[in-house]
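Q: The structure's right below; bear with me while I get my questions together.
Quick note: the coordinates plus some simple rules give every number you see, no bench work behind them. Since we're looking at a predicted model, the values are computed, not measured. FYI the Cβ positions are ideal-geometry reconstructions off the backbone, even for glycines, and counts take in every protein chain you see.
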Amino acid sequence: MRRLTSILVLLTAVMTVQAEDTPLIGNVLNRQTTSLNGDWHYLVDVQECGYYGYRREKLSYGFFRNAKPQQPEDLIEYDFDKAETMPIPSDWNTRDQRLFFYEGTVWFHRSFNYQPKAGHRTLLYFGAVNYEAIVFVNGQEAGRHVGGFTPFNYDVTNLLKAGENFVTVKVDNKRSCENVPTLIFDWWNYGGITRDVLLVDVPQTYIGNYSLQLDRRNPKQLNFSLQLSAKEANRQVTLSIPELKIRQMLTTDANGHVSTSLKVRKLQLWSPEVPKRYGVSLTLGPTDSDASDMVSDSIGFRTIETRGKQLLLNGQPIFLRGISIHEEKPNGGGRANGPEDAHTLLSWAKELGCNFVRLAHYPHNEYMVREAERMGLMVWSEIPVYWTIAWTDDDTFANASRQLNDMIRRDQNRCNVIIWSIANETPHGKERDTFLSRLSRQAHDTDSTRLVSMAMEVLAASNYHNKLQDNMNEYVDVISFNQYIGWYRDVKDAAKMTWEIPYDKPVIVSEFGGGAKYGLHGAKNQRWTEEFQENLYRENTAMLDKIDGLAGTTPWILKDFRSPRRLLTGVQDYYNRKGLFSDQGQKKKAFYVLKEWYEGKK
Ligand code: GCB
C-alpha cells in the first residue's frame, strides 16, 4: 500500500505540468509536420472505467497513464500494446463490425519516436475528433475538445521528451440534448479520430494565423493581417506574392499583430472557369535564425456580394449550380478524409455541371475545401446547428460559437468559400432568433468578405401558395430554404405551387429531392424507384424556374449516405436514399435530369 501511495504522490506532481490551450494554427497542411496517422491501438470502454472509478469519481490513474505491471502481483486491467489496432484517421463504426451502432467511449493510443528541436515548440494537432476528445501525452492531460468537425491543437512542448512518447485520446460520441448537433440528426454519428493527427514543429514564437483577401468592395485592394502566437512587438514580417511583384515588410505591434492594405493593378480573379491562385509566402524574421518562421500558401482572390435579389461573383451575376454533399466516402460509406475522397466526390459534382457545393451539415475536412478551390467549385460551409438545439443553454451557444469561429479561422483564405451557414431547419421562436442572430453577427464580424445564410423552412403552404416568413431574414445576406414537394408532399402539387419570398435578397433552394434505390425500376408514381426520383426532379426543376430571384440550388443530395433514421429493410437499410449516386457510386436516372437543367443555367 505504501508503495502505491508514493507512486500516486509522484504521479500527481507530474500531473501539474499542464499543456496550454493554444489558438488554432492556420494553414497547418503547409507547416513543418510529422504525421501521427497510421495504426492506433484502441479499447472500447462502455462504462468509462478507464476514466471513472466505481463511484464515478475521476481517476488520477486512468488508462491515460498507460501503466504496466512492475511486479508479478501488480493488477492492471488493460494493456494498450495488446489491444487491436485501427488506422487513423477513420471512424470506428465501419472499421469494427462490433461498433457499427456504438455510441460511447473508445480509447485510442499510439507511441511514437520524436526528437523535439531545441528551442522550438511542438503542437499536437487534430483535424477532428467526434465528438468529445480528452487528449493525453505521456500520461498527462494536454486538453479537451468538444465538437466533432473542427480542428484543435495543443502546445505539448512541455509534455514531450526526446525518444519514445505516447499519446492517448479518450473519444466519446454519446449524443446529448445540449450538444451541437443535438440528440436527433439525419446522418450517422461516426465516432473516432476522423481526421489527420499531426505534430507541428514551430519556433518559440510563430506565425499563428493570417488572412489575405480582396477588399469586399474594391477589387483593386488586398487586405492582409497576421497574428503571431505571442504578443511580441518589433518582429519583422515579410509578405511576398512574386507573381504580383509584391514584397512588403511589416513590423508587428505590441500585440504581435500586423495588418496592411495593398493596391494591385492587374489581378486575375478566381472564378469557377479560371480558378487562379497566387503563390504567397510569409516570413517571420530574422531569417536564417532559429527564431524565423516561414509559411507558404496558394491564395485566390474574388469578390462575392449581393445586389437586390442578385448574387454577384466578381461583380457579375451568377447562378449557383450546386449540390449538397455529406462527408462520406464515395464508395461504401464511412467518413471521408484526404485528397482522393475529396477529388472523387467533387468530380461527380463537376460531372453534374456544378459550380457550387453545399458541404452539409458540418464543416468538412480541409482537403475537401482545398480540392474544391483547385477545381473551381464555390463552397457553402456550415456548422451543425441542426433542427432543435438547446437554444437557451449558454454552453450550447458557446459550443456553436466556437465551431463557427474555428470553421472560419481554418478556411478564411480559401476564396472559394462564399457562404457561411449558421443553421439548418430550425424551429421559429424568440429564443432561436436570439441564438442565431448572435451567430450571424459573429460570422459577419469575424469575416466581412463572405455572405451569411442558413437553411430555413417554408411552413405549410395554403392554397398552393408558399410564403417564406422567417424573422432571421434580416440577419442573413442570402435567403435559403429547404422544400420537399414530391417527397414529403404530393409531386402533383409542384406544378400548382406559387412562391413568395418577400425579401430583397438572393434566394437559394438549399434542399429538394427524394429517395430512390439504385437499380429499382418501375412506374413514376412508385416510391423508391429511380423513375419516381427522376420525375420528382423534373417537376421540381420546372417549379423552381418560377421562383423570383432564384440565385441557385443545392439539391439533396450527391450520394446516398448512412442514417440511423432510415430503417426500411431492403430499400433503405440505414441509408438515406436521396442520393443522385448510390452508396457505391452508381448514377441514378435523376442525375441526368439535374445535369440537363444545369446545362441550361450556364
Ligand atoms: C432535411 C434535412 C436533411 C435530411 C433531409 C431528408 O430537410 O436538412 O438533413 O437528410 O431533409 O432526407 O429528409
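Q: Choose one of ALA336, LEU212, VAL156: the residue whose Cα lies farthest towards the positive end of the charge dipole of the chain (beta-carbon charges +1 Lys, Arg; -1 Asp, Glu; about the Cα centre).
A: Result: LEU212.
Q: Can you return the aspartates and glutamates within cross-link range of LYS170? Criterion is Cα-Cα under 12 Å, with same-chain partners fewer than 8 residues away left out.
A: Excluding near neighbours in sequence, the set is ASP45, GLU48, GLU132, GLU141.
Q: Further, regarding this structure: Alpha carbon centre of segment 563-593 versus segment 224-293: separation in Å?
A: 46
Q: Among rounded, prolate and oblate, which fits the chain when a ≥ b ≥ c are the square roots of the eigenvalues of its C-alpha gyration tensor, a/c under 1.5 means rounded, and a/b larger than b/c means prolate? Mind showing how you got there, number by number?
A: Details: a/c = 2.04, a/b = 1.29, b/c = 1.58.
Because a/c hits 1.5 or more and a/b fails to exceed b/c, the chain counts as oblate.
Q: Classify segment 168-226 from the C-alpha gyration tensor, please: rounded if a/c falls under 1.5, else prolate or oblate depending on whether a/b exceeds b/c.
A: Numbers: a/c = 3.63, a/b = 1.60, b/c = 2.27.
Oblate, since a/c reaches 1.5 and b/c is not below a/b.
Q: Of LYS276/LYS350; LYS467/LYS559; LYS161/LYS231; LYS524/LYS602; LYS58/LYS82; LYS220/LYS266, which pairs sit farther than 19 Å apart, going by alpha carbon to alpha carbon?
A: In this structure, LYS467/LYS559; LYS161/LYS231; LYS524/LYS602; LYS58/LYS82 lie more than 19 Å apart at Cα.
Q: For segment 16-80, which chymotrypsin sites (Phe, Trp or Tyr not before Pro) pass both filters: DSSP loop (anything but H, G, I, E, B) and at most 12 other C-beta atoms within 10 Å? Could the numbers behind the result be given before it?
A: Working: sites: TRP40, TYR42, TYR51, TYR52, TYR54, TYR61, PHE63, PHE64, TYR78, PHE80; in loops: TYR51, TYR54, TYR61, TYR78.
In loop regions of segment 16-80 (DSSP not H, G, I, E or B), the sparsely surrounded chymotrypsin sites (Phe, Trp or Tyr not before Pro) are TYR54.
Q: Only Lys, Arg, Asp and Glu count, each charged at its Cβ (+1, +1, -1, -1), so figure out the dipole size of segment 456-562 about its Cα centre, rounded to 20 debye. Intermediate values should be presented prior to the final figure.
A: Numbers: 12 positive and 16 negative charges, 92 e Å.
So the dipole magnitude of segment 456-562 works out to roughly 440 debye.
Q: Turning to a different aspect of this structure: I'd like to know which of ILE323, GLN442, ALA83 lies farthest towards the positive end of the charge dipole of the chain, counting +1 on Cβ of Lys and Arg and -1 on Cβ of Asp and Glu.
A: Of the listed residues, the answer is ILE323.
Q: With +1 on each Lys and Arg Cβ and -1 on each Asp and Glu Cβ, how big is the dipole of segment 261-307 about its Cα centre, in debye rounded to the nearest 20? Mind showing how you got there, number by number?
A: Numbers: 7 positive and 6 negative charges, 113 e Å.
Its charge dipole is roughly 540 debye.
Q: Pairs of Cα atoms under 8 Å, at least six residues apart: use those to get the relative contact order of segment 452-492, whole percent. All intermediate terms of the calculation are to be shown ahead of the outcome.
A: Numbers: 41 pairs, mean separation 19.2, N = 41.
Computed over segment 452-492, the figure is 47 percent.
Q: Run down the aspartates and glutamates and flag those whose C-alpha is under 12 Å from the C-alpha of LYS68, throwing out any fewer than 8 positions away in its chain.
A: GLU77, ASP79, ASP81
Q: Let me ask something else. Just to verify a number: FRET efficiency for ARG527 and SER176, C-beta to C-beta distance, R0 = 51 Å, to 0.05? Working shown, then result.
A: Values: r = 34 Å, r/R0 = 0.67.
Working from the Cβ atoms, E equals 0.90.
Q: What FRET efficiency comes out for the pair LYS467/HIS444, r = Cβ-Cβ distance, R0 = 25 Å, nearest 0.05?
A: Working: r = 27 Å, r/R0 = 1.06.
E(calc), rounded to 0.05, equals 0.40.
Q: Then there's this: Let me know the charge dipole size of the chain about its Cα centre in debye, to the nearest 20, where only the beta-carbon of Lys, Arg (+1) and Asp, Glu (-1) is charged.
A: Values: 73 positive and 73 negative charges, 276 e Å.
In total the dipole reaches around 1320 debye.
Q: Right, something else. Let a ≥ b ≥ c be the square roots of the eigenvalues of the Cα gyration tensor of segment 294-360; is it rounded (a/c under 1.5), or, if not, prolate (a/b larger than b/c) or oblate?
A: Working: a/c = 2.73, a/b = 1.45, b/c = 1.88.
Since a/c reaches 1.5 but b/c is at least a/b, the shape of segment 294-360 is classed as oblate.
Q: Round to a whole angstrom and tell me the spacing of the C-alpha centers of segment 419-468 and segment 70-124.
A: 40
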